Amino acid sequence: MNASSPLPPVQDRGQGQDRPANSLYGGTRNRRVTVRDIAAAKQRGERWPMLTAYDALTAGVFDEAGIPVLLVGDSAGNCHLGYDTTVPVTMDQMVMLSAAVVRGTERALVVADLPFGSYQESPSQALHNGVRLLKEAGAGAVKLEGGERAAPAIELLVQAGVPVMAHIGLTPQSVHALGGYPVQGRGEEAAHQLMRDAKAVQAAGAFAVVLEAVPAELAAQVTASLAIPTVGIGAGVGCDAQVLVWTDMAGMTAGRVPRFVKQYANLRAVLGDAARAFGEDVASGAFPGEEHSFH
């Protein structure tokens, strides 16, 4: 095949559609996805999915499914560690969780969150902890919250060789300052500030930016104005990519989920049924059977 020949299509594991071999989602590759691949997808106009992951087993499932970017989010605080918010999550916890996701994957770009208190003090603090996530956990990039105010930290990280995914709009680490989780960017002044934040993180060197809980029309305008991809969560269909917390996506979350979540399974019910069936078998003496016993 010469350099001008198109790449052969590959079978997409999830939808049965033919996708180019260089596709972020479902494409074949014998190496990790990189930030250069993310930039190329923006140029091609390719949309791609991102999911959170917090352990090796689940991350491996998503990696095999072709998800090209996995976010080790500080949302682990809510989803796995039993906290009410992301605020209590520590750097040591993020290093441990991120390392597990890296060990469980082969292809996905693993992006690790810098948790609350690990970068707000100064750009040098951000650099110290960002380097930890790359050196100790093996992550391929870090994510931090904030627009213009975070630009100096982003710039220093990128200059030092740490790829950064920015996060603007609703920033969950600011839950106490925001008084909850309100939609951001409503009104002319707020919309202008969001646009300034987006352009500031791009100018600082971020390779992508998450837009969370932003009006769809505004998110589409931001996406069109940036050279780097936008990753939407509650930001409408106009973004370049979409991310969901995996426990929301798979129906593991108890109670009410945010409006922007689509549940693709009811895994909580499946696991509950399995646990009850196991309990009944133990209580009745049906398990373990002869086939599960040694002699």
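Scanning region 39-65 for residues that are without any contact (Cβ under 8 Å) to a residue 12 or more places away in the chain and on the phi < 0 side of the Ramachandran plot, we see that the one that is surrounded by the most Cβ atoms within 10 Å (Cβ to Cβ) is Val61. Residue by residue through region 192-208, note down the ones that are touching a Pro at 6+ places or on another chain (Cβ under 8 Å) and under 30 Å from Gln263 (Cα atoms). Listed by number, the residues that qualify are Phe207, Ala208. Check Asp92, Asp63, Asp84 and return the single one that is of a type in the set (Asp, Glu) and closer than 16 Å to Met249 by Cα. One residue alone meets the criteria, Asp63. Is it true that some residue in region 52-73 is farther than 26 Å from Thr223 by Cα, among the β-branched types (Val, Ile, Thr), at pLDDT 95 or above and under 21 Å from the mean Cα position of the chain (by Cα)? The answer is yes, given that some residue of region 52-73 is farther than 26 Å from Thr223 by Cα, among the β-branched types (Val, Ile, Thr), at pLDDT 95 or above and under 21 Å from the mean Cα position of the chain (by Cα). Here region 28-51 is the region considered, the condition is being part of a loop (DSSP other than H, G, I, E, B) and among the basic types (Lys, Arg), and the residue that is nearest to Arg107 (Cα to Cα) is Arg32. Could you grab me the full set of residues in region 242-286 that are in contact with an Asp or Glu (Cβ under 6 Å, 6 or more places away or on another chain) and touching a residue at least 40 places away in the same chain (Cβ under 8 Å)? Matches in region 242-286: none. The residues of region 193-241 that are buried (at least 24 other Cβ atoms within 10 Å of the Cβ), without any contact (Cβ under 8 Å) to a residue 60 or more places away in the chain and assigned to a loop (DSSP other than H, G, I, E, B), listed by number, are Ala206, Val214. Taking the criterion of being of a type outside the set (Val, Ile, Thr) and over 19 Å from Thr171 (Cα atoms), the residues of region 221-251 that qualify are Gln221, Ala224, Ser225, Leu226, Ala227, Gly238, Asp240, Met249, Ala250, Gly251.
The values are calculated or read from the model by the stated rules, or taken from the named source; none is laboratory data. Computed from a predicted model, the values in this text were never measured in an experiment. No Cβ is skipped: glycine too gets one built from the backbone with ideal geometry, and neighbour counts run over all protein chains shown.
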